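As structure tokens, the structure follows; a few thoughts come after it.
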Amino acid sequence: MGFLWLKGKSNKALLLVAVSFLLVFNGKNTLIAPADAKSRLHIVYLGEKQHEDPELLTTSHHEMLASVVGSKEAAIDSMVYSYRHGFSGFAAKLTESQAKKISEFSGVVHVTPNSFYSPQTTRSWDYLGLSSHSPTNLMHETNMGDGIVIGIMDFGIWPESKMLNDDGVGPIPTRWKGRCESGESFNATTHCNRKLIGAKWFIDGFLADNEQPFNTVFWEFYSPRDGAGHGTHTATTAAGSFVANASGAPRAHLAVYKTCWNVLNFVCAAADLLKAFDEAIYDGVDVLSLSIGNYNPKFAEVDKRDAIATGSFHAVAKSITVVCAADNTGPAPQTVSNVAPWIITMAATTIDRSFPTPITLGNNKTLLGQAMFVGKEVGFTGLVYPKGPEQFPTTYGVCESLTLNTTHVAGNVVICFTTMPGPAQVTSVVSAVRSAGGVGVIIARNPSNLFGPCSNDFPCIVVDYKLGTEIMLYIRSTRSPTVKLSPSKTLTGKPISTKVAYFSSRGPNAIAPAILKPDIAAPGVNILAASSYDPAMDGRFALLSGTSMATPHIAGIVAILKSSHPGWSPAAMKSALVITAWKTDPFGEPIFAEGTGQKFADPFDYGGGLVNPNKEANPGLIYDMGTNDYINYLCAFGYNTSAISLLVKQATSCPVIKPSILDVNLPSITIPNLRSPVTLTRTVTNVGPVISTYKAQIEPPPGINVVVKPEALVFNSTVKALSFTVAVSTTYQVNMAYFFGSLTWTDGVHAVSSPISLHIVYLGEKQHRDPELLTISHHEMLASVVGSKEAAIDSMVYSYRQGFSGFATKLTESQARRISVRVIIGRNPSNLLGACSNDFPCIVVDNELGTELFYKVTQA
């Protein structure tokens, strides 16, 4: 076993952009300190490659860099990566002036500092109807993904897992260009096989500026070997070999790209991610799975700092479907990540399985918690709650700050309460109680279906607040409370309701509200798959939860679907998933959404719904998209046309009349600001019977008028694609929340269902009949501070002149003090105000407006 002391190789510094750790728990990178501020690792992005010879591309990169750093030798020494397969560019250590100089070169799309991303972290396949034991489902009809290559960008792989044996796996495709790379505790010859056909690791971007050793020794390897377990879990969920229904495409091949590292609460450098995209495109993967995201405020998908949006664009342009996690910052709205329309963005749900664990109190009342306790029964023993001082009696019983000094723990079971949903609290509580001689832990929290990493012989049982309170009432009612803890049982099937997980990030999309995100949901709670070696785990298997776990489910399903439809585009794949999704669970019962209060799930919780694998191979119609559609989207968003041209490798001019973002040919309809009647267009392609007639069925949102023209679509041997319009209007005259409905095209066999989401915005009376007068008054007020009308116009980002009066502008601190507008806070909900003085405005906006302001200010 090797220990990873991370050191850089030169006196360079790395600019860090905070991102989220998206397993069930969230963490922040707090230990990195750049060694020197003189130079930083920068990504020089040149767009689509101009020719196919990778060596010539690298030579041209060295020449460009040499013209800035002084010599070819200095260029070679400074360069960390040359991106030369999927797109053109390089990562190099540059000073600020060098970066500015190279950004002005012809052909350079943008130059941006390196940034860090972090990962988001059985029965589920049976639940979705894809049991390997059933001979009649899609898995068997498509030969279980045979010949398809799934790429996993994550923490690497634990190659000894029995889920990586190649029994029954076909030969390596002749088109495959990838390879396995040896490294610490990883032998490419012995550890790779017909299942694991690619294993590469990328750390140079992370190491470029981390010269000083860290204070902590991490379980990690300089190789493709997985030190965290997360990468092995996601890889084997997507395409592990036959083991108890714990994988989705058992005959598909795996290619692992280790871009994330088990240090500093888990990090993945943008430069490393882009290099992994570059290599995966060249190697020939069919599907890419990424369980990675970032914090608020999100970067726009056209923002040069979003490495995932950039890399995935090039992958999708090469017909590689890219599946990404939505993030684990739910249940707050507008928290979803990875929102580019060319990405499939995943929400997470529970499945029809629970692990009821009996808790029998001394009064002979039995309550059912949730756990994975398979050890011996803990007979009646003492039950204690750490009691705090008289003034604050509950402070010692908070799980994340448990205080046992004044509590007799040895031989007893301890109960504590927490508001935190992640496993970190469970780990710390179990450690503290075991160290004090305790024999078990009961943890009260919501939701109660997320377990912590406990060993099999030590019970840590989760209950909700209601049961936790009931236990506390019992403790306070008797002098000597006792409890018996019995082993867990497994319950599956219809009695267990399906819910969108508490942590699963929600829409609407804060970057582009007219693009529905997430796209689809899949199981992501208590998912069983392989993991790295850990004595506490059973045979190197682990139950993990997160949108990380939902993502490889869809990657595996896409692999199976590609076996059936090898010519389908990534957009067609997404369309098939969305329009065939379940709006109920597989038993026809409602899907709920966990949160502050349980509600029925809607499109902002689960997109099109819960994935329905056995329907997606025969959807009837699809909403297809290609590069031109994405160009129109970028034009609608306002991206620079020259940058678009370099990105897509063709001269591009946005239309004189700006295209509507509502017309992006998605399998969903989202109207974020319905002020007046709107009409949008969609095009569907027939992939079912050649001669077909589909009729429209509309479930309009409440109080909304929806008209579809034509009302019927007739396909034949010459008519394979048809367009239709959707006109939407309302008579509401007050601001309303989002309403939801659906549009379904049906031929009597297929039901092609698109979710409809819309938000009504009624602005009321204007303060002036002429909004230009308001803007002029804003300019005059600002000019009195910044010195001139011209400076005011240049400084102003927004003039608010419709529903209210105000403006957003760039100001120095002294200017802001003079004009008395000082603080804008982005958060959800936005109607909770702080204690600000009357003469010191602090304005609260929601995440959507906060993200919009962030984008405008950073782009200005």
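The values are calculated or read from the model by the stated rules, or taken from the named source; none is laboratory data. Remember, it's a predicted structure, so these values are computed and weren't measured experimentally. All Cβ positions, even for glycine, are placed from backbone atoms using ideal geometry, and neighbour counts span all protein chains on display.
So which of Val611, Val578 is at pLDDT 95 or above and within 21 Å of the chain's Cα centre (by Cα)? First the steps, then the outcome.
On the way: Val611 fails: at pLDDT 95 or above.
After ruling out the rest, the residue left standing is Val578.
Any idea how many residues of the range 36-69 are out of contact with any Asp or Glu (no Cβ under 7 Å at 6 or more places or on another chain), closer than 14 Å to Ile102 by Cβ and not hydroxyl-bearing (Ser, Thr, Tyr)? Write out each step before concluding.
Applying the first criterion (out of contact with any Asp or Glu (no Cβ under 7 Å at 6 or more places or on another chain)) to the range 36-69 yields 36-39, 42-69.
From what's left, closer than 14 Å to Ile102 by Cβ: 39, 42-46, 60-69.
So of that shortlist, the ones also not hydroxyl-bearing (Ser, Thr, Tyr) come out as 42-44, 46, 61-66, 68-69.
Total satisfying the criteria: 12.
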Conditions (1) at pLDDT below 95; (2) more than 24 Å from the chain's Cα centre (by Cα) -> Trp158 fails only (2)
Scanning the range 595-608 residue by residue, those over 18 Å from the mean Cα position of the chain (by Cα) and crowded, with 23+ Cβ neighbours inside 10 Å turn out to be Ala601
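If a residue counts only when it is among the polar types (S, T, N, Q), which strands (runs of 3 or more DSSP E) contained entirely in the range 63-119 have at least 2 such residues?
88-95
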Expected single match for part of a loop (DSSP other than H, G, I, E, B), modelled with pLDDT under 90 and either of a type outside the set (D, E, K, R) or in contact with a helix residue (DSSP H, G or I) (Cβ under 9 Å, 6 or more places away or on another chain) (or both) among Ser480, Ser431, Ser448 is Ser448
Of (1) over 24 Å from Lys599 (Cα atoms); (2) buried (at least 16 other Cβ atoms within 10 Å of the Cβ); (3) polar (S, T, N, Q), Thr744 satisfies every one except (1)
(Q) Checking the structure you have, find out if any residue of the range 502-522 is aromatic (Phe, Trp, Tyr) and under 26 Å from Asn294 (Cβ atoms). (A) yes
Subset of the range 558-572, residues assigned to a loop (DSSP other than H, G, I, E, B) and either modelled with pLDDT under 95 or out of contact with any Lys or Arg (no Cβ under 9 Å at 6 or more places or on another chain) (or both), comes to His565, Pro566, Gly567, Ser569
